[in-house]
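Before any comments, here is the structure.
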Amino acid sequence: MKRELPVYNIEGTDFIVDVANLQLREKANPDNVIAVFDMRDVGNGYVFDYSSGEKNIPMLFGDDTDIRTVKIPELVKIDPAGMAEKYGYTVYQVQQKTDFDLMVDQQAFGRRLMGQLPTVDIAGHTFFVDIRMDMLRPKDDFLSNGIVFSQIQHYYDDIREAYVIPYNSAKHEFQELDLRNITAFPKDLIVVSFPHESRLDPVGFNRKCDVDETDGLKETNLKSHFEAKVIDWKETGIEETIKENIMQQQKQQQQSKQKDESHKAGKRQRRGPKL
């Protein structure tokens with residue numbers, strides 16, 4: 001039998017508590033949704049500005065006369081059965097825990113606090129996520145330049161929500177492409193993809209940004225190990241650049257040939273007719 005979801009009232013409006021999707025959904029208007037991660041996490045609950053007119057977090061330039069600051073309890077308090085079902089605990093166990101306990105991998109969090117850096121496997125080689133050094137640092141290869149985050153910012157793909165970079169698997173390092181002159185897929189490089197450093201090591205990233213090390217962990221969670229994806233060159237869009245470069249080179253060669261032929265013709269004319 002399908003469980004009836006609990007209802008939480010905000011300023012006179014009933015909202016269905018949907019922990020499966022981590023949101024509050026207006027009972028009378030299911031299209032009106034307030035996402036939990038759009039609220040401010042204050043540890044023992046969630047706080048947000050609420051417009052009684054919009055029945056939601058207010059628009060940026062909306063009327064502020066009906067705005068109230070609202071705080072709701074943790075999800076384990078307003079729907080312990082839903083949280084138990086979502087995270088695989090009994091209701092009794094959930095009642096002894098916080099949202100942070102359930103939503104964040106506690107073993108991975110504990111290892112990180114003890115100083116263990118997350119790792120990424122890239123084409124069979126292990127890299128340490130070293131936010132302090134601003135890089136993915138290859139294990140057991142001190143000659144490698146590794147992968148420096150500040151050098152690959154322009155390779156971040158907003159659609160994939162990940163870095164997509166050319167990688168030299170022999171040297172275990174990032175290698176920049178000469179996009180102006182490239183005329184074929186590089187034979188000595190592959191393309192790899194992995195998350196932004198804020199997801200690879202959210203604790204280290206928080207420390208770097210001088211915010212609480214637990215900030216945002218409920219949303220991003222954290223892992224101790226990642227596997228980079230190897231991507232086909234044809235999926236990167238570079239094929240069009242290669243075609244354009246080949247056409248440009250052919251055009252330049254043709255122009256050079258025509259210039260050379262014109263130069264030779266001019267020299268013959270200057271010699272004059274033979275007697």
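Okay, here's what the table says:
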| item | result |
| --- | --- |
| Residue among T98, T69 that alone is open to solvent by less than 60 Å² (accessible area, probe 1.4 Å) and of a type in the set (S, T, N, Q) | T98 |
| Residues of the stretch 233-251 classified as more than 24 Å from the chain's Cα centre (by Cα), without any contact (Cβ under 8 Å) to a residue 60 or more places away in the chain and either open to solvent by less than 100 Å² (accessible area, probe 1.4 Å) or on the phi > 0 side of the Ramachandran plot (or both), total | 2 |
| Residue within the stretch 25-47 that is surrounded by 15 or more Cβ atoms within 10 Å (Cβ to Cβ), part of a helix (DSSP H, G or I) and among the basic types (K, R) present | no |
| Test: residue in the stretch 69-87 that is hydroxyl-bearing (S, T, Y) and farther than 20 Å from P202 by Cβ | yes |
| The one condition in (1) in contact with a Leu (Cβ under 7 Å, 6 or more places away or on another chain); (2) open to solvent by 90 Å² or more (accessible area, probe 1.4 Å); (3) of a type in the set (F, W, Y) that F142 fails to fulfil | (1) |
| G110 open to solvent by less than 90 Å² (accessible area, probe 1.4 Å), assigned to a loop (DSSP other than H, G, I, E, B) and not acidic (D, E) | no |
| Odd one out for A84, checked against (1) in a strand (DSSP E or B); (2) surrounded by 17 or more Cβ atoms within 10 Å (Cβ to Cβ); (3) among the aliphatic types (A, V, I, L, M) | (1) |
| Matching residues, the stretch 48-66, being open to solvent by 40 Å² or more (accessible area, probe 1.4 Å), within 16 Å of E11 (Cβ to Cβ) and either of a type outside the set (V, I, T) or over 28 Å from the mean Cα position of the chain (by Cα) (or both) | D49, S52, G53, E54, K55, D63, D64, T65 |
| Qualifying residues in the stretch 198-232 (those that are assigned to a helix (DSSP H, G or I) and open to solvent by 30 Å² or more (accessible area, probe 1.4 Å)) - the one nearest to V19 (Cα to Cα) | E219 |
| Listing of strands (runs of 3 or more DSSP E) fully contained in the stretch 123-179 that carry 2 or more residues being farther than 29 Å from N245 by Cα | 125-130, 135-138 |
| Residue within the stretch 45-57 that is farther than 26 Å from S198 by Cβ and in contact with a Ser or Thr (Cβ under 7 Å, 6 or more places away or on another chain) present | yes |
| Looking only at the stretch 152-174, and only at residues there that are in contact with an Asp or Glu (Cβ under 8 Å, 6 or more places away or on another chain) and under 16 Å from E197 (Cα atoms), the one that is least open to solvent (accessible area, probe 1.4 Å) | Y163 |
| For F128: the one exception among (1) under 25 Å from the mean Cα position of the chain (by Cα); (2) open to solvent by less than 50 Å² (accessible area, probe 1.4 Å); (3) more than 18 Å from N221 (Cβ to Cβ); (4) hydrophobic (A, V, I, L, M, F, W, C) | (2) |
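The values are calculated or read from the model by the stated rules, or taken from the named source; none is laboratory data. Keep in mind that this is a model prediction, so the values were computed, not measured. In this analysis, Cβ positions are derived from the backbone assuming ideal geometry, glycine residues included, and neighbour counts consider all displayed protein chains. Calculation scope for accessible area: heavy atoms of the full protein, side chains included, ligands and nucleic acids excluded. Shrake-Rupley method; radii C 1.70, N 1.55, O 1.52, S 1.80 Å.
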